[in-house]
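Each remark here refers to the structure printed beneath this line.
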Amino acid sequence: SAEPFQVTVQEDNCIIVSLEASDVVSSSSVYVVKIAGESKNYFFQFEEFNSTLPAPVVFNAKYHGLYYIVTLLVVNSNMVSKSARSITVLTKPLPVSSVSIYDYKPSPETGVLFEIQYPEKYNVFTRVNISYWEGKDYRTMLYKDFFKGKTVFNHWLPGICYSNITFQLVSEATFNKSTLVEYSGVQHEPKQHRTVPYPPRNISVQIVPINRNNWEEHSGNFAEESFMGPQEILRKEKLSHFSDNPPEIPAVNTSAAWPAYRYNSTEYETTPQPYWWPNEAESSEGEEEFVNAVARDYEANNISVSGKLVPEPTSFLPVQMILTWLPPKPPTAFDGFHISIEREENSTEFLTVSEDTHKFVAELKEPGKYKLSVTTFSSAGSCEVRGSQSAKTLSFYISPTGEWIEELTEKPQHVTVTVLSSTTALTAWTASQDSGGNNTIVSVVSLTCQKQKESQRLEKHYCTEVNSSSSLIENLVPGAQYQVVVYLRKGPLVGPPSDPVTFSIVPTGIKDLTLYPLGPTAVVLSWNRPFLGVFRKYVVEMFYFNPSTMTSEWTTYYEIAATVSLTASVRIANLLPAWYYNFRVTMVTWGDPELSCCDSSTISFITAPVAPEITSVEYYNHLLYITWTYGADGTDLSHSRMLHWMVIAEGKKKIKKSVTRNVMTAALSLPPGDIYNLSVTACTERGSNTSLLQLVKL
């Protein structure tokens, strides 16, 4: 019944191997421990012993979460080793050091992003154990889809408080059909997270006018619900009786209307009590409370002889707002709803109602533009309170006459822009007849202006968004690109924007293109641009016959960035002498796609020929033979605009002779005994060039 050798793993990752009495075969044998699992095997020999068992072998394991095979070897006197038995142990992985939990942005109602940090070196694990409390229920699961310490959970319940969230690294190993499992400890701070609840559904609002006679009869004596909402409103405060104490400032989340109180309570103290107050209070027909007793802007001349309050002729008649909704889709854990009522973007009321409330009634006492939103909130548990996203924001307008103008939900369709001229365009769109949009807003912004440096902007008007009620867009700049968005409008309410439409104005092009020759191989181009215009660059192109490719085509020679200067010029060099060229300068816009103008901005020119060079002069038998060369060796004149050569001998009389361009020699009949100045001139359609004079004495 003796126990075999023992193998234990300590908390400091040490493996302790102890030899037991049943392992001893003979005193002459040597006992060796073999430890395998890492990249190499380790061998340890027990100390020699007689009657007392030797001290245990201690091995400091390098890896955490790795399984090790510990084998006891017995070596006899003949140096023959025999494996006695083997034991497999698993070290414990190192724990997670820190945890972060974020909303999973595509679905914060059901998804979270876990990010854990742990020692990576010498730490081995196969899965992660995640434990948490889901409300009052305890959950735990093994998860292995962690990539670089991150994973997404997308199966939690919306609005639930998940608390005491912990992570443990789990290492597993299978040996001889048995599975070993080791869990790391928990050293990080337990986390908690509340998922976002779903928003309420089917939010709708209805405005009901209050009968004027009924309102006058009960003026100053509305029931609390008339501007506090249903009885289920949480944290509401009752207004104190006016006859006892001046009313205090209502809490922000207690009223859905903008009551006509003066918020400075001292005004109530200094205002003399009207003479009709005691009788009026007594004749309140048994009402326990007198709410809204003092009217805004109360003056003595508003009191009739009978002691009754006379309403002003232009006063606004209150209307009743009925807001309804349905609870969020299940399974959402929620504890109530937040109601936000905003008027004219400068006054906002926040109210909170219980989860059983699906209707809210309030009295609106002032005209203006209102925005309503209802959101779900969840607060049960130790997690922070979280509200849902706003599923829908309702907008409407109450006119001074009590007219209710509903929110515009339609956006203009099929928006088109027709360019009428270089400075004007016309916008058109379609909308249903029942949209109620008796007015529109056309919003225009320049896309070109945003691409230029402020110091180089050639337009100013539409650099920021400009809104107009006219469909005619004016003050456009040639060469600019614009974006148009159309909104339907009804009263002060504005509907959703249309799909943006982009259009461009073609640039007007340059003017006064002028060419200045600088010899046979260079010219200067100069031009002006219109004062009104915007563009990205000038493109200088030239058209000529290329003798190397034997083709004629337009090629870009130079690009010049746009500047505020009205004049620009460029020098074009390396031209072929006596050659035909066509030059073009276009303006290219910033738009996408680019627009350019104009192909008609061209000028043609034939360069001057180079001067011939007289190479030899011989006089024989009353004939003067002259030979010359033109240009570099091998100059081909077949595509040149050279017309002919003019050979001139000027002495007592002047003798001229025209020679075809393909021949570079001539013979002149001259009498002997005279002195002549000889020259050869290369002639084209628009110019010529003469060689150096050569003096000849016959």
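The values are calculated or read from the model by the stated rules, or taken from the named source; none is laboratory data. What you see is a predicted model; the values in this text were computed from it and never measured. Glycine also receives a Cβ, built like all others from the backbone with ideal geometry; neighbour counts cover every protein chain displayed. Areas reflect the complete protein model, heavy atoms only, side chains present, ligands, DNA and RNA absent. Shrake-Rupley method; radii C 1.70, N 1.55, O 1.52, S 1.80 Å.
When the surface is traced with a 1.4 Å probe over the full set of protein chains, residue 132 keeps roughly 10 Å² accessible.
Shown in residue order for the stretch 551-561 are the 3J(HN,Hα) couplings computed by the Karplus curve 6.51 cos²θ - 1.76 cosθ + 1.60 at θ = phi - 60°: 9, 10, 7, 6, 10, 7, 9, 7, 10, 10, 5 Hz (x for Gly and Pro). Give me, ordered by chain and number, the residues 5 or more places off residue 196 or on other chains with an amide H under 5 Å from its own placed amide H. The list, which skips near neighbours in sequence, is 109, 159.
Taking square-rooted eigenvalues a ≥ b ≥ c of the alpha carbon gyration tensor, is the stretch 615-694 rounded, prolate or oblate, where a/c under 1.5 means rounded and, failing that, a/b exceeding b/c means prolate? Prolate shape, in that a/c is at least 1.5 and a/b is the bigger ratio.
Proximity of backbone amide H atoms, modeled 1.01 Å from N, is registered between residue 201 and 326 at under 5 Å, excluding neighbours fewer than 5 places apart on the same chain.
Based on the Kirkwood approach, the hydrodynamic radius assigned to the stretch 486-581 is 17.3 Å, with every pair of different Cα atoms included. Just to be sure I follow: if Rg is taken over the C-alpha atoms of the stretch 6-90 and Rh is the Kirkwood radius over the same atoms, what is Rg/Rh? Rg/Rh: 0.97.
Both radii were evaluated on the Cα set of the stretch 319-406; the Rg over Rh quotient, with Rh as the Kirkwood radius, amounts to 1.02.
Tell me the GluC sites (Glu not before Pro) within the stretch 456-513 that lie in a loop according to DSSP and have at most 12 other beta-carbon atoms within 10 Å.
On the way: sites: 459, 465, 474; in loops: 459, 465, 474.
Filter output for the stretch 456-513: 465.
Tell me, what does the Kirkwood hydrodynamic radius of the stretch 335-456 come to in angstroms if you use every pair of distinct C-alpha atoms?
Working: mean 1/r = 0.0525 Å⁻¹.
In the stretch 335-456 this quantity evaluates to 19.1 Å.
Please compute, over every Cα-Cα pair in the stretch 539-698, the percentage with a separation greater than 26 angstrom. Show your work: numbers first, answer last.
Details: 5866 of 12720 pairs.
Counting every Cα pair in the stretch 539-698, those more than 26 Å apart make up 46 percent.
In this rough spin-label picture, where each label sits 7 Å from Cα along the Cβ direction, the residue 428-residue 592 distance is 2.9 nm.
How long is the gain from residue 639 to residue 565 if the chain were fully straight, where each residue apart is worth 0.36 nm and the alpha carbon distance is subtracted?
Between residue 639 and residue 565, full extension yields 22.7 nm more.
Using the average count of surrounding beta-carbon atoms within 10 Å as a protection proxy, the listed peptides 515-521, 478-484 rank, highest first, as 478-484, 515-521.
Taken one residue at a time, the phi angles of the stretch 594-610 give Karplus couplings (6.51, -1.76, 1.60, θ = phi - 60°) of 5, 10, 9, 7, 9, 5, 7, 7, 10, 8, 9, 6, 10, 5, 6, x, 7 Hz. Gly and Pro are set to x. Each pair of Cα atoms in the stretch 98-195 enters the Kirkwood radius, and Stokes-Einstein at 37 °C and 0.692 mPa s then converts it into a translational diffusion coefficient of 228 µm²/s. Estimated at the nearest 10 Å², the accessible area of residue 618 is 120 Å² with a 1.4 Å probe. The phi torsions of the stretch 393-403, fed into the Karplus equation with coefficients 6.51, -1.76 and 1.60 and a -60° offset, translate into couplings of 10, 9, 10, 7, 10, 10, 6, x, 8, x, 6 Hz, rounded to whole numbers, with Gly and Pro shown as x.
If the segment from residue 186 to residue 58 were pulled out straight at 0.36 nm per residue, it would be longer than the present Cα-Cα gap by 43.4 nm. Of the whole protein surface, residue 42 contributes about 60 Å² of accessible area at a 1.4 Å probe radius. P(r) for the stretch 55-148, please, calculated from all Cα pair distances in 5 Å bins and given in %. That works out to 3, 9, 13, 16, 14, 10, 9, 7, 6, 5, 4, 3, 2, 1, 0, in percent per bin. Summarising the amide proton neighbourhood of residue 126: residues at separation of 5 or more, or on other chains, whose placed amide H is nearer than 5 Å comprise 170, 171, 172. Each peptide in 62-73, 136-147, 670-681 receives the mean, over its residues, of other Cβ atoms within 10 Å, and ordering these scores from highest gives 62-73, 670-681, 136-147.
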